[in-house]
Structures are given as structure tokens and as C-alpha cells.
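S.K.: Take a look at the following structure, please.
The values are calculated or read from the model by the stated rules, or taken from the named source; none is laboratory data. None of these values were measured; they are calculated from a predicted model. Cβ coordinates were reconstructed from backbone atoms using ideal geometry, including for glycine residues, and neighbour counts include every protein chain displayed.
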């Protein structure tokens, strides 16, 4: 099977996995929003800041090192596995010891036990990282889906039950722990890789030489992505932090569905052709065109339909999160562009440049936050948009240097989709208030969404977008192969 077909099938399996899991997560989130209050989500947001830092420490960039190695021996994988467990124990120990300090920082004593119990997820996930990396290397996303979906279903059921019984924030913690435990257990049940009782110091040094820079980059990213929640929780209240976190969670459900499915598959696939710059550039152009074709309308239409979405599905206490979600969606438009350009650095093994870029972007975040934090949450979110746009430039510059994919070429590849998505979403945004005055809210949500989606698809077909042609060509190829197979039978 060719690399393009293998990658496309991998993307479909991973997309299906993400779709089902995110769909389940969306349903559970909406149910929990009816059972819990913004303060509960705010408490979880405070805890997750530090759990994410501990998770980055546990991974230490070894997963990325495993994925980009051209050849991987059994000793390499076993070394990475036992290293992850050791780092996980260390990270949880630091988390456990620092729980009182975290509670003091927020002046919220409930956080001590929340951090210590919730932190167990770091230990559980330390057993999953390398097993998952081995499946990714093999582009075996079917097995990942078989493990992930039951985890989402069981953890969602646990969360809703705990929320219905009045456990508040513990429903969210229970969901997180159950998902990690079930998914990890099933991944080991169905995964074929098993570690050997061996550790290679030379292999560890080689992987960590690449991985520690990725770890530092990830740590910077984690700190500064969560800086917004940390700052809002500290300056305002747990309820405001909960509204912000809830809006961010809804945005992530959409963006992760589209970006993660592609990124998980393309990184190991593209790593296999890292020495062929012509093929690498061609592959990246196709991936960028497909990603923006899907993501731009999804994020901008989510912003346009945020108000009827909240009015239809959520209690009134969550309406204050609507403008937060709208601004987050606009900022998220730049996410696939930055992600793919950073992926170039990882595929080419330039973790030093990756780290340098992260430092530059974090300095920019600090500068923008220094101006916006005094003016409220909306100003902070407008600052996020500024950071997202400006950060794209250095990200894209290195793609020109490494694979000769210039900013001008990238603009030519993504501007048509951006302009069309903006026009369709802008028209929808303008029409929604008038429609809400004459039609029931659920009708406005469904009709506007369907019409806008259909308009985008038809216009992109008429304008002969490259992503549309890729998709149509791939479907025709698959149908032809199936016909040939049926004829042979």
C-alpha cells in the first residue's frame, strides 16, 4: 500500500476515533453543564493547569522521539517505556507535595485533595504513552479507536451519574480518571507491543537529546496556554474561570477533532520521507489545504452560531460564555497553520528551533497580557487573536528554510478557504439576530447551520478548491479499487 493511501486510511480511522470520542465528550459536557455550575468547571480548570504540567514532565518528549526515529529497536521502545513510568512517578510526587501551595495560591483549600486525587491520571497515562506511540508508528489507529471509544462511554456515564448524585466537581475528576484507566487498559489488551525488562542508557541519551527540547517546548506551551485560565481564576473568580474554561472546552472539542486526527497520522507518516524534500513539501501542501478547508468554516461557523447553540442546548447561566467562545474561535483559525509549520521542525529533527520559537512566542504572550489583563476577559481574548496572527510569521519562516515552502505559497494555499469561510460565516452571523426574532431558536440553529455548510461546500466545488479535488479524487480511487476487487471475486 502506498504511503498516501496508508496515510489517508490512517486519517479516516483516527478521524472516526476522534469524531466518536469528541461526540461523546460533547454530549457529556452538555449534560454536565445542566447538572453542574460554572464554579465546578472553574475548580477543574485550576487543577488541570498543574496536571497538564505534570503530564508534560511525565512524557518528557520521549513519545515524539519514538515517532520520528527512522528505525526503532525493541530496546529503544522498552527504554522509553520505563523512562516514562519513572518520570510519571516523579511528576506525581512533585504534584502531591505541591498541592497545599497550589491551594494557597488560589486561596481555595478544596484544591489540595482535588490535585492529589486528580493527579493519579499522570501515573495511569505513563503506562499508555509508548504503547500509543507504537500504534501511531504503525498507523494502527483502528486499535486506538477500539480502546478510546469504550473509555469515553464509560467515563461519560460515570461523570453523569456522579453529577446527578450531587458530587459537583468530583464528577469531572471521576470522568478524567475513568477515561484514562479504561483507555490504557484496553490499549494494552489489544496492542501487540510488549516491553522487555531492559534499559539502554545510550538509547535513552539519544532519545532524550531530542526529547528534552520538545519537553521544554511543551512545558512552555503548557504554562502559557494555561496562563490564561490561571490568571483569570486568580484575578476574577472560579465562576468566571469556569465560563472561560467551558467555552475553551467547546472550542477544543471541534478543533481537536479536525487537527488531532490529521496530526497524529501525518507526523509518523511524514517522518518516513523526511529525507525527500520534494515529496515532503508536496505532502505538507496537501495536508495544509485539506486542514484549512475543514477547520476554517468549522471554527467561524461555530462563532457565528454560538448564541443559538447556547440558547438551545444550555441553561441560561452559561450565556455569559458566548462572547468568550466567539473570540476563541477566531483565534483558533490560525491554529492549523502554526501546527503544521511546527510539525516541519519536528519531522526534520530541529527541536532546537522548535524550542526557540516557543520562547519567542511566550515573550509575545507576556507582552500582550501585560497590556490586556487590566481590561477584563474580553481584552485578554482579543490579545489571544493578536498573538495567534503574529506567531504565524516566525512559524512559517522556518518552513521556507527547511522545505522551501514560503509564506507566499502558504498564503496562496489557505487564503481562498479563509475568504470563503469568512464570507459564509459573516453572512450567517449577520442573519442570526433577525432569524431569532421570527423563528424558534432550535430552528435557527439547524437551518442556519445546514444552509451555511451547504453554501460553503457548493461554492468550494464551483471554485475548484484543491482540497475538494483531493477528496473527490481519493473517493473515486477507492471506489474504483472496490469495483476491481468485486470483479475479481
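So that you can scan it fast, the table gives a plain yes or no per residue for (1) over 20 Å from residue 125 (Cβ atoms); (2) in a loop (DSSP other than H, G, I, E, B):
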| position | (1), (2) |
| --- | --- |
| 166 | yes, yes |
| 172 | no, no |
| 178 | no, no |
| 196 | yes, yes |
| 207 | no, no |
| 211 | no, no |
| 217 | no, no |
| 220 | yes, no |
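S.K.: (1) crowded, with 19+ Cβ neighbours inside 10 Å; (2) touching a residue at least 24 places away in the same chain (Cβ under 8 Å): which one isn't true of residue 150, the others all being true?
M.R.: Evaluating residue 150 over (1) crowded, with 19+ Cβ neighbours inside 10 Å; (2) touching a residue at least 24 places away in the same chain (Cβ under 8 Å) leaves (1) as the failure.
S.K.: So for segment 176-198 (the condition being more than 23 Å from residue 135 (Cβ to Cβ) and surrounded by fewer than 18 Cβ atoms within 10 Å (Cβ to Cβ)), does at least one residue qualify?
M.R.: no
S.K.: Sticking with this structure for a sec: Is there a residue being free of Cβ contacts under 8 Å to residues at least 24 places away in the same chain and buried (at least 18 other Cβ atoms within 10 Å of the Cβ) anywhere in segment 72-93?
M.R.: No: zero hits.
S.K.: Here is a follow-up. Against the definition (out of contact with any strand residue (DSSP E or B) (no Cβ under 9 Å at 6 or more places or on another chain), under 30 Å from residue 380 (Cβ atoms), surrounded by fewer than 22 Cβ atoms within 10 Å (Cβ to Cβ) and outside the structural domain of residue 52 (by TED's automatic domain parsing)), how does residue 220 come out, yes or no?
M.R.: Considered against the rule, which asks whether it is out of contact with any strand residue (DSSP E or B) (no Cβ under 9 Å at 6 or more places or on another chain), under 30 Å from residue 380 (Cβ atoms), surrounded by fewer than 22 Cβ atoms within 10 Å (Cβ to Cβ) and outside the structural domain of residue 52 (by TED's automatic domain parsing), residue 220 comes out as no.
S.K.: Please go through segment 304-318 and pick out each residue that is over 15 Å from residue 428 (Cβ atoms) and either more than 25 Å from the chain's Cα centre (by Cα) or in a loop (DSSP other than H, G, I, E, B) (or both).
M.R.: 311, 312, 314, 315, 316, 317
S.K.: From the list 422, 487, exactly one residue is modelled with pLDDT of 95 or more, surrounded by fewer than 17 Cβ atoms within 10 Å (Cβ to Cβ) and either part of a helix (DSSP H, G or I) or assigned by TED's automatic domain parsing to the domain that holds residue 302 (or both). Which is it?
M.R.: 422
S.K.: Could you please find all residues in segment 332-382 being surrounded by 15 or more Cβ atoms within 10 Å (Cβ to Cβ) and outside any helix (DSSP H, G or I)?
M.R.: Selection gives 333, 334, 348, 349, 350.
S.K.: Would you pick out the residues in segment 196-211 that are in contact with a helix residue (DSSP H, G or I) (Cβ under 6 Å, 6 or more places away or on another chain) and closer than 11 Å to residue 83 by Cβ?
M.R.: 199, 200, 203, 204, 207, 211
S.K.: Can you find a residue that is part of a helix (DSSP H, G or I), closer than 25 Å to residue 451 by Cα and modelled with pLDDT of 85 or more anywhere in segment 258-276?
M.R.: No - not one qualifying residue is present in segment 258-276.
S.K.: Then there is this: Run down 101, 123, 114, 95 and say which single residue is part of a helix (DSSP H, G or I), out of contact with any helix residue (DSSP H, G or I) (no Cβ under 7 Å at 6 or more places or on another chain), within 30 Å of residue 232 (Cα to Cα) and assigned by TED's automatic domain parsing to the domain that holds residue 200.
M.R.: Only one candidate passes the filter, namely 101.
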